[in-house]
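Everything on this sheet refers to the single structure shown next.
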Amino acid sequence: QVQLVESGGGLVKPGGSLRLSCAASGFTFSDYYMSWVRQAPGKGLEWVSYISRSSSYAKYADSVEGRITISRDDAKNLLFLQINSLGVEDTAVYYCTRLTVPGWSDLWGQGTLVTVSS
Amino acid sequence: DFQMTQSPSSLSASVGDRVTITCRASQGIGDHLAWFQQKPGKVPKLLIYAASTLQSGVPSRFTGSGFGTDFTLTISGLQPEDVATYYCQRYTTAPRTFGQGTQVEIK
């Protein structure tokens, strides 16, 4: 079954850190660019980051640059998002998505909720 | 900064109506635009890519058009199951910005 399953979300205090994971199955993970998209409660979609095949390069939204690191483990079919210095503005559902070669997201996970609160 | 501006932010239409949503890019993006549908409480779903190509399995009442800076998503014959928020997104170049979304409701 082709799917993405995120995990690692939860309640974190401001200033804390979190590492999100996304487990891919049913397709050749290493063939695809991957990305993270987030959605704050009641708000729209916000692109966060993407990573190329073989982790050759990554891009980040200006809003998270310097605080977030995307990475992947192709041997384990896992995508990661390390978020540091969490602020209340990072409260959101974080979606993992698979990117086609031209670049659109054709597969989405169910999302994992990150809540930043004291 | 690159921006994608969607309009309207919300609309209400009757079943069977033709509905049009527009998306404007702050600079030309060719046809590198996708449209997504997000039903309440659900995960976004790809509708259209390359500005006008319908994703497999998406009803033909959905059509996309445009090139460069101006794009449209049209629903020809609105159905109750089309109640959702629709987002445009440019891809291939960072930042892969989404539009603000258009909430579609049934009148």
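Does B:GLN55 meet the test of being at the interface with another protein chain (Cβ under 8 Å from one of its Cβ atoms) and open to solvent by less than 20 Å² (accessible area, probe 1.4 Å)? Steps first, answer last, please.
Working: at the interface with another protein chain (Cβ under 8 Å from one of its Cβ atoms): yes; open to solvent by less than 20 Å² (accessible area, probe 1.4 Å): no.
No.
Name the pairs: first residue in the stretch B:34-47 and in contact (Cβ under 8 Å) with a residue 12 or more places away in the chain, second residue assigned to a strand (DSSP E or B) and small (Gly, Ala, Ser), Cβ to Cβ under 7 Å, at least 6 apart or on different chains?
That search, which allows pairs on different chains as well, returns B:TRP35/B:GLY64; B:GLN37/B:ALA84; B:GLN38/B:ALA84; B:LYS39/B:ALA84; B:LEU46/A:SER105; B:LEU46/B:ALA34.
Mind checking which residues of the stretch B:74-103 are of a type in the set (A, V, I, L, M, F, W, C) and away from every other protein chain (no Cβ under 14 Å)? Give the derivation first.
Just the residues of the stretch B:74-103 that are of a type in the set (A, V, I, L, M, F, W, C), to begin with: B:75, B:78, B:83-84, B:88, B:94, B:98.
Those that are of a type in the set (A, V, I, L, M, F, W, C) and away from every other protein chain (no Cβ under 14 Å): B:ILE75, B:LEU78, B:VAL83.
Take the residues in the stretch A:31-46 that are more than 11 Å from chain B (Cβ to nearest Cβ) and open to solvent by 50 Å² or more (accessible area, probe 1.4 Å); name whichever of them is nearest to A:THR91 (Cα to Cα).
Per the criteria, the residue is A:PRO41.
Looking only at the stretch B:19-45, which residues are more than 8 Å from chain A (Cβ to nearest Cβ), assigned to a strand (DSSP E or B) and basic (Lys, Arg)? Reasoning before the result, please.
Residues of the stretch B:19-45 more than 8 Å from chain A (Cβ to nearest Cβ): B:19-31, B:33, B:35, B:37, B:39-42.
In the following step, the residues that additionally are assigned to a strand (DSSP E or B) were identified as B:19-25, B:33, B:35, B:37.
Within the stretch B:19-45, B:ARG24 is the sole residue that qualifies.
In the list A:LEU79, A:LEU4, A:LEU86, which residue meets the criterion of being open to solvent by less than 40 Å² (accessible area, probe 1.4 Å), under 10 Å from the mean Cα position of the chain (by Cα) and at pLDDT 95 or above? Write out each step before concluding.
Details: A:LEU4 fails: under 10 Å from the mean Cα position of the chain (by Cα); A:LEU86 fails: under 10 Å from the mean Cα position of the chain (by Cα).
That would be A:LEU79, the only listed residue that is open to solvent by less than 40 Å² (accessible area, probe 1.4 Å), under 10 Å from the mean Cα position of the chain (by Cα) and at pLDDT 95 or above.
Select from the stretch A:47-75 the residues that are among the charged types (D, E, K, R) and without any contact (Cβ under 8 Å) to a residue 24 or more places away in the chain and write down the one among them that is most open to solvent (accessible area, probe 1.4 Å).
Here is the first cut: in the stretch A:47-75, the residues among the charged types (D, E, K, R) are A:53, A:59, A:62, A:65, A:67, A:72-74.
Add one more test, that the residue is without any contact (Cβ under 8 Å) to a residue 24 or more places away in the chain, and what stays is A:53, A:59, A:62, A:65, A:67, A:73.
Numbers: A:ARG53: 93, A:LYS59: 91, A:ASP62: 125, A:GLU65: 109, A:ARG67: 44, A:ASP73: 45 Å².
Taking the candidates together, the pick is A:ASP62.
The values are calculated or read from the model by the stated rules, or taken from the named source; none is laboratory data. From a predicted model like this one, the values you see are computed outputs, not experimental measurements. So basically every Cβ, Gly included, is an ideal-geometry build from the backbone, and we count neighbours across all protein chains shown. When the accessible area is computed, the model is the full protein with side chains, heavy atoms only, and any ligands, DNA or RNA have been set aside. Shrake-Rupley method; radii C 1.70, N 1.55, O 1.52, S 1.80 Å.
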